[in-house]
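See below for the structure under consideration.
The values are calculated or read from the model by the stated rules, or taken from the named source; none is laboratory data. The structure presented is a predicted model; accordingly, all values stated were derived computationally and were not measured. All Cβ positions, even for glycine, are placed from backbone atoms using ideal geometry, and neighbour counts span all protein chains on display. We work out accessible area using only protein heavy atoms, side chains counted, and drop any ligands, DNA or RNA first. Shrake-Rupley method; radii C 1.70, N 1.55, O 1.52, S 1.80 Å.
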Amino acid sequence: MVSEEEVLRIAELADIGIGKEELPPFTRDFNAILDYFAVLDRVPPGEGWKAGIANVLREDRVTPSLPQEEVLALAEAAEDGYIRAPRVM
Amino acid sequence: MTVPIGMEAGSAVRETAGSGLAAVEGGRETVIIGLEVHCQLNTESKLFCGCSTDYRSDPPNTHVCPTCLGLPGSLPAMNRRAVEYALLVAKALNCRVADEAEFARKNYFYPDLTKGFQITMYNRPLAEGGYLDIEGDGAEKRVRITRIHLEEDPGRLVHMGTPDRPRYSLVDYNRSGIPLIEIVTEPDLRSPKEARRLLNGLRTTLEYLGVFDGDQEGSLRVDANISIRGSERVEVKNISSYRGVEKALTYEITRQRGVLRRGQKVERETRHFVEARGVTTSARSKEQEHDYRYFTEPDLRPLQVRHWVEGIALPELPAARRERFTAQYGISPEHARTLCGELRLAEFFEQMAPCGNPLLAATWVADTLQGELNYREMEIGKVPPARFRELLGMLCRKEVTDKAAVEVLRRMLDQCLKGEEVQSPAQIMEKNMLGKTAGDTFTGIVREVIAECGDAVRDYRAGRGEALNFLVGQVMKRTRGRADPKELTRILREELEPQGT
Amino acid sequence: MVRGETQQDPLNAFITLAEIPPRAPGRLSGITVAVKDNISTRGVETTCGSRILSGYVPPYDAHVVDLIRNEGALIPGKTNMDEFGMGSSTENSGFGPARNPRDPERVTGGSSGGSAAAVASGMARMALGTDTGGSIRCPAAFCGIVGLKPTYGRISRYGLVAYANSLEQIGPMALSVADCSLLMEVISRFDARDATMQDRPYLPRLDGDIRGMRIGVPAEFFGEGVDPAVADRVRKAISVLEGLGAAIVECAMPSMEYALAAYYVTCTSEASSNLARFDGVRYGPASDYKKPWHEAFQEVRMQHFGPEVRRRILIGTFALSAGYYGKYYGKAQVAREHVREDYSRLFQEVDLLAGPTMPTVAWKIGEKSDPLSMYLADILTVPANLAGVPAASVPCGTVQGLPVGLQLTGRAFEDELVMNAAYAYEQGVKA
Ligand SMILES: [Zn+2]
């Protein structure tokens, strides 16, 4: 069983907001899904999945970048060629 | 000679920061430092896209594409040269290249990170278990390299507002996706000075390999793990200069000692180095959670490049070049160390060595020129080799005195700094009458007098000082009093010295 | 921009109606190909069915879009889908559910429900869908059309907005096997920008001759949860294949027990990472830059992601987090290997596997309210994604007037064989 506190902690780690009223149903669904995942405990041991192909590389060649105005037009807030973002300090 | 430190690889004895052993070295607690060094590799294009890496002089957000901007649907495509460069470094640092290396996602959220994760390597790095010998006090010291891996650089943030009243950030993604090599050392370093030396050693090695340019702003960043033995380990992030490393570590050691002296415990935490104030500050709890939820990057395939290593020829590395310099040019080990400590300096010296007197060239490049460059915070790359070679030639031929040559050099460097065309040493001497043109003509006259007054010269060389006064008088007479007797005395003395340096 | 059900688009099959013209004449000249809205189209809004991308106009085309436009296709618009592909009904679209042309009160299946509805209703002759755990085959089955999830690595994912990178492929959807095969042929051209792609283009071989072909029928494909009427319909279809000269072999696929759990752990884990880029800084609805970063980031995601997306981000974050990684993500990868081993073992004995695409027919809109019951509907389609093998759904009649799909699964890079068997069935039923 995963508690509401644990779901809150995961929400914090995932940086995904969670409303007070959402917490009980989210926790309930979360537990139902984890109960179903318990079947994985019965998986026989093994190496784990591998793609099997290696060394897919490209040559070190410069290709055109996007025009600055196109890049800035995608963002809603630009300033002197920079893109505005929330403060991190 | 090399002093191995804890080289019992695989044995149980392995020092780790904060290992809980109380030990005292030289009356003080042992300081334990390990570094994580990030260097930008100088490929043409970025690690996972074709955007040019030559972004420093360009406006923000002009070297970006769907991939390095993390636009929905974009995919990474791995740059072969970045892998080759990383293998060069791995070989030069005596590492074991993995049979299979693999990229992983490091998940954390920050506005400079375009995808919400960084593509890096986690439990399958490119190479492990190497070492680098660094200059020690007395003997050389061997620092073990834990691992080497490739990863992408995030963009660059500019903080608007003040530290007290931050407003918002501005982001430039030109740096996003620049290839970085991360080199992690074992906690083998015992002082900030050693940490600095390790960095210098790494920088030099990477520059010799031609994969890194340490002069580029922001091309090197360091995180340091530091503890006082028996106490918790602190990670100091965000150190972005060579000098910063020594400053940050010195500050942090003082801080940790202070905490211990007050009888408190050093907390295990992440701190940021604030370069402008020379202090470290505690990072907020959010970043301390450190749950990066690594998993294999599903958009890339693993690297099986161990067999490439045999085909890689290493260029001459600093240690080999030092030995060659002492053997080939007969210069002192100290000069060889200084000269080889920086690729461009070593190359500059080799351009100067054919001047006829390598010892003189070594002194002038390693001591005089380096001193003048440091004073001006100038790089060796800015010095025109042809001009400097002319100056050395004149010195070899005794056409200029040491003192005058220093004057000439200073004027040459000042001209470089101002972006003017650098004049020839002869021109500079002529223009600056005082020492040079005068000195030059006087040198001629002095030589005439020496040639003609054999008796007085013999007397002087036999130790009779007053003979010098006679000679000065003779020169004064011929220059009709234009010369400064003091300067003349100096020139005469020099000319009368036996040849050689 | 009018969205939802309109006179022009009564089934809400499209999120954006926009005529994107062809670039050159070719094998698709005169053909309309609808494109799922998680495939990047230069100059045309690409939302992935999510409010967090409303207003996002990509500056580049996906590789497959380049290919179809260069072959003469006209793109009538971007089709509706479950947000980021997270759903099996297209009810989880941020722009309202799509409706099943056979019964507008029922779901289209998902997540490529808009593509299936567009083709089934004749709004487009063909469509591109994407399949992460059944998202092409499920709506193809529910709407009565043909859909192929190609072998992993056969179609470039460049320009496909990632939900679960290691599982998903773009694939063709059409009314007939021949059309589906033609579209597959066009989109399978190599693209070096996708490191997981291999240069093994699809070369159609539709002769309908399946004589001597060995077709395995795993008992688990008819297990618990499969509607008996659907099972019966599919068994009849399999006997048609037998009538055409195929040998039917009863077999077992024990890894089915945990395939669905392995699938959901893997796709939510990858999704939790893939969806972190939508922070409102570089594109999409802006985050409030006057707020502190984490607050603004959370706010954007809470406001613009639907509940299923947020639930899957939570589950995936949990499955990758310290202390749980081994129990969930790590285990899921081991399970995945067992699924692949099961297929390799079976494919030594047989050439194809056959069974129902979906355990039931299309359900009513709003009928499945809890997430787990929706997940369980994917049980028959996810194994092919876990193993990267090709699987097609071909219509095989109806149950109570609602279409049923026959699923045919083949060896990796034998999409041609899968399509040929589908073709044989299609032609065999017609005859
Ligand atoms: Zn780029």
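Against the definition (loosely packed, with under 15 Cβ neighbours inside 10 Å and within 14 Å of chain C (Cβ to nearest Cβ)), how does B:HIS290 come out, yes or no?
yes
Count of region A:33-54 residues, restricted to those that are open to solvent by 40 Å² or more (accessible area, probe 1.4 Å) and either hydrophobic (A, V, I, L, M, F, W, C) or within 8 Å of chain C (Cβ to nearest Cβ) (or both), is 11.
Of the listed requirements (1) at pLDDT 95 or above; (2) at the interface with another protein chain (Cβ under 7 Å from one of its Cβ atoms); (3) more than 16 Å from C:ALA319 (Cβ to Cβ), A:GLY17 misses just one: (1). Residues in region B:242-257: is at least one assigned to a loop (DSSP other than H, G, I, E, B), away from the ligand (no atom under 16 Å from the Cβ) and open to solvent by 10 Å² or more (accessible area, probe 1.4 Å)? No, the conditions are met nowhere in region B:242-257.
May I ask you to say which residue of B:SER191, B:SER227 is open to solvent by 30 Å² or more (accessible area, probe 1.4 Å) and not basic (Lys, Arg)? Full working, then the answer.
Values: B:SER227 fails: open to solvent by 30 Å² or more (accessible area, probe 1.4 Å).
Step by step, each of B:SER191, B:SER227 is checked, and only B:SER191 is open to solvent by 30 Å² or more (accessible area, probe 1.4 Å) and not basic (Lys, Arg).
Only one of these conditions is not met by B:ASP54: (1) without any contact (Cβ under 8 Å) to a residue 12 or more places away in the chain; (2) closer than 22 Å to B:ARG221 by Cβ; (3) within 14 Å of chain C (Cβ to nearest Cβ). Which number is it? Among (1) without any contact (Cβ under 8 Å) to a residue 12 or more places away in the chain; (2) closer than 22 Å to B:ARG221 by Cβ; (3) within 14 Å of chain C (Cβ to nearest Cβ), the lone unmet condition for B:ASP54 is (3).
Could you list, in sequence order, all residues of region B:248-260 that are among the charged types (D, E, K, R) and without any contact (Cβ under 8 Å) to a residue 40 or more places away in the chain?
B:GLU252, B:ARG255
Criterion first (away from chain C (no Cβ under 14 Å), modelled with pLDDT under 95 and in contact with a strand residue (DSSP E or B) (Cβ under 7 Å, 6 or more places away or on another chain)) does B:ILE145 satisfy it? Criteria not met by B:ILE145.
For B:GLY177, state whether it is over 17 Å from the mean Cα position of the chain (by Cα), assigned to a loop (DSSP other than H, G, I, E, B) and not polar (S, T, N, Q).
Taking the combined requirement at face value, the residue satisfies it.
Could you tell me whether region C:168-182 includes any residue that is open to solvent by less than 10 Å² (accessible area, probe 1.4 Å) and out of contact with any strand residue (DSSP E or B) (no Cβ under 8 Å at 6 or more places or on another chain)? First the steps, then the outcome.
Step one: of region C:168-182, the residues open to solvent by less than 10 Å² (accessible area, probe 1.4 Å) are C:168-174, C:177, C:180-181.
Adding the requirement that they be out of contact with any strand residue (DSSP E or B) (no Cβ under 8 Å at 6 or more places or on another chain) leaves none.
Among the residues of region C:168-182, not one is open to solvent by less than 10 Å² (accessible area, probe 1.4 Å) and out of contact with any strand residue (DSSP E or B) (no Cβ under 8 Å at 6 or more places or on another chain), which makes the answer no.
Here the condition is being within 30 Å of B:THR401 (Cα to Cα), open to solvent by 30 Å² or more (accessible area, probe 1.4 Å) and not assigned by TED's automatic domain parsing to the domain that holds B:ASN94; of B:GLU323, B:GLU377, it holds for B:GLU377 alone.
Checked against the criterion of being away from chain B (no Cβ under 14 Å), in a loop (DSSP other than H, G, I, E, B) and open to solvent by 40 Å² or more (accessible area, probe 1.4 Å), region A:64-84 has no qualifying residue. Scanning region C:313-341 for residues that are touching a residue at least 24 places away in the same chain (Cβ under 8 Å) and open to solvent by 10 Å² or more (accessible area, probe 1.4 Å) yields C:TYR328, C:TYR329, C:LYS331, C:GLN333, C:HIS338, C:ARG340, C:GLU341.
Reported count of residues in region A:21-58, each being among the charged types (D, E, K, R) and in contact with a strand residue (DSSP E or B) (Cβ under 8 Å, 6 or more places away or on another chain), is 1. For region C:236-252, the criterion of being within 14 Å of another protein chain (Cβ to nearest Cβ) and out of contact with any strand residue (DSSP E or B) (no Cβ under 6 Å at 6 or more places or on another chain) is satisfied by no residue at all. When C:ASP378, C:ASP370, C:ASP342, C:ASP351 are screened for being within 14 Å of another protein chain (Cβ to nearest Cβ) and under 22 Å from C:VAL249 (Cβ atoms), only C:ASP342 passes. One residue stands out among those in region B:57-105 that are β-branched (Val, Ile, Thr) and closer than 30 Å to A:VAL71 by Cβ: the one that is farthest from the ligand (Cβ to nearest atom), which is B:VAL83. In the condition set (1) surrounded by 20 or more Cβ atoms within 10 Å (Cβ to Cβ); (2) more than 7 Å from every other protein chain (Cβ to nearest Cβ), C:SER269 is compliant with all but (2). Going through (1) touching a residue at least 24 places away in the same chain (Cβ under 8 Å); (2) within 14 Å of another protein chain (Cβ to nearest Cβ); (3) over 16 Å from C:THR357 (Cα atoms) one by one, C:THR130 falls short only on (3). All of (1) surrounded by fewer than 24 Cβ atoms within 10 Å (Cβ to Cβ); (2) away from every other protein chain (no Cβ under 14 Å) hold for C:PHE413 with one exception: (2). Go through the residues of region B:332-343 one by one and say whether even a single one is at pLDDT 90 or above, part of a helix (DSSP H, G or I), under 30 Å from C:ALA192 (Cβ atoms) and open to solvent by 60 Å² or more (accessible area, probe 1.4 Å). Checked region B:332-343: no residue is at pLDDT 90 or above, part of a helix (DSSP H, G or I), under 30 Å from C:ALA192 (Cβ atoms) and open to solvent by 60 Å² or more (accessible area, probe 1.4 Å). Tell me, please, whether a residue that is closer than 30 Å to B:PRO187 by Cα, away from the ligand (no atom under 16 Å from the Cβ) and buried (at least 18 other Cβ atoms within 10 Å of the Cβ) can be found in region B:40-50. Yes: region B:40-50 contains one or more residues that are closer than 30 Å to B:PRO187 by Cα, away from the ligand (no atom under 16 Å from the Cβ) and buried (at least 18 other Cβ atoms within 10 Å of the Cβ).
Can you say whether B:ASP172 is within 16 Å of the ligand (Cβ to nearest atom) and more than 14 Å from chain A (Cβ to nearest Cβ), as far as the supplied structure shows? Considered against the rule, which asks whether it is within 16 Å of the ligand (Cβ to nearest atom) and more than 14 Å from chain A (Cβ to nearest Cβ), B:ASP172 comes out as no. Of the residues making up region B:76-115, just one is assigned to a helix (DSSP H, G or I) and acidic (Asp, Glu), namely B:GLU84. Is it the case, given these coordinates, that C:SER344 is among the polar types (S, T, N, Q), at pLDDT below 95 and surrounded by fewer than 24 Cβ atoms within 10 Å (Cβ to Cβ)? Taking the combined requirement at face value, the residue does not satisfy it. Being within 14 Å of chain A (Cβ to nearest Cβ), more than 30 Å from B:PRO333 (Cα to Cα) and within 16 Å of the ligand (Cβ to nearest atom) is the requirement here; does B:ARG165 meet it? Taking the combined requirement at face value, the residue does not satisfy it.
Of all residues in region C:274-297, none satisfies being of a type in the set (Ser, Thr, Tyr), surrounded by 24 or more Cβ atoms within 10 Å (Cβ to Cβ) and not in a loop (DSSP other than H, G, I, E, B).
Of all residues in region B:57-105, those being more than 9 Å from chain A (Cβ to nearest Cβ) and of a type outside the set (Asp, Glu) number 26.
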